[in-house]
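Read-outs throughout are calculated quantities, based only on the coordinates presented, and are distinct from any laboratory measurement. Here the structure is a predicted model, which is why all the values come from computation and not from measurement. Using ideal geometry, Cβ is built from the backbone for each residue, glycine included, and neighbour counts are taken over all protein chains shown.
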Amino acid sequence: MERSIGFKERRYIEELRILTRSTAVDCIIDERFDRVIYVIKPGDMGLAIGKKGENIKRLARSLGRRLEMVEYGETPEVFIANIIRPAELAGLTPAAEEGAVDLVLRHRSDFGIVIGRGGCTIEKVRLLSRRFCGLEVDDVRIAEPEEAEDSGEAGAEMEAPRDD
């Protein structure tokens, strides 16, 4: 996937590297939600965050913006699961629209986490999945009981049929 990084983004990536000694794969300045989204190299997330979030706080003060960090994943499923963490992704399914996918969540309680306040988290998913995976995210669904059962989430025993 072709990505272009501007001067300001490069400066922010270098600032992260200097302050935290971690490596960012990419940096997106999201003016709509007034934030900077860093995509961190796998394994460097602990360095980037720092003890008790100290590095993030220091970098946010330095840049004067809110920061969000996502660990890069090799497959779209892993990458999107990292973006929506702590919500649990059950999988990606093809959407009705050509070339788009739907996010399937394991638990109904994760729905609010994935949407985020004012839609900021789902917008982050759409930005990053388009930029890194070439995927358009269409909808967010909750896993059907059969899907949860197949993945080992549902109990193995079903209620016995009653004789009326």
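Structure data summary
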| quantity | calculated |
| --- | --- |
| Rounded, prolate or oblate (a/c below 1.5 giving rounded, otherwise prolate when a/b exceeds b/c) for region 1-72 by Cα gyration tensor | oblate |
| CD proxy at 222 nm, helix term only [per DSSP H run n ≥ 4: -39500 (n - 2.57); per residue of the chain; nearest 500] | -11000 deg cm²/dmol |
| Residue order, fewest to most beta carbons within 10 Å, for 109, 62, 4 | 4, 109, 62 |
| The chain, dipole about Cα centre (Lys/Arg Cβ +1, Asp/Glu Cβ -1), debye to the nearest 20 | 1980 |
| Alpha-carbon Rg/Rh ratio, for the chain, with Rh computed the Kirkwood way | 1.07 |
| Charge context of residue 29, other residues only, Cβ under 13 angstrom, K/R +1, D/E -1 | +2 |
| Residues 44, 34, sorted so that the one with the fewest Cβ neighbours within 10 Å comes first | 34, 44 |
| Ranked 132, 7, 33, 111, criterion: other C-beta atoms within 10 Å, fewest first | 7, 111, 33, 132 |
| Cα pair distances of region 74-154 binned at 10 Å [whole percent] | 19, 55, 24, 2 |
| The chain: DSSP helices with Cα axial extent of at least 15 Å and average Kyte-Doolittle hydropathy no lower than -1.0 | 7-20, 120-133 |
| For the chain, the longest site-free run once GluC sites (Glu not before Pro) in DSSP loop states with at most 10 other Cβ atoms within 10 Å are removed | 99-156 |
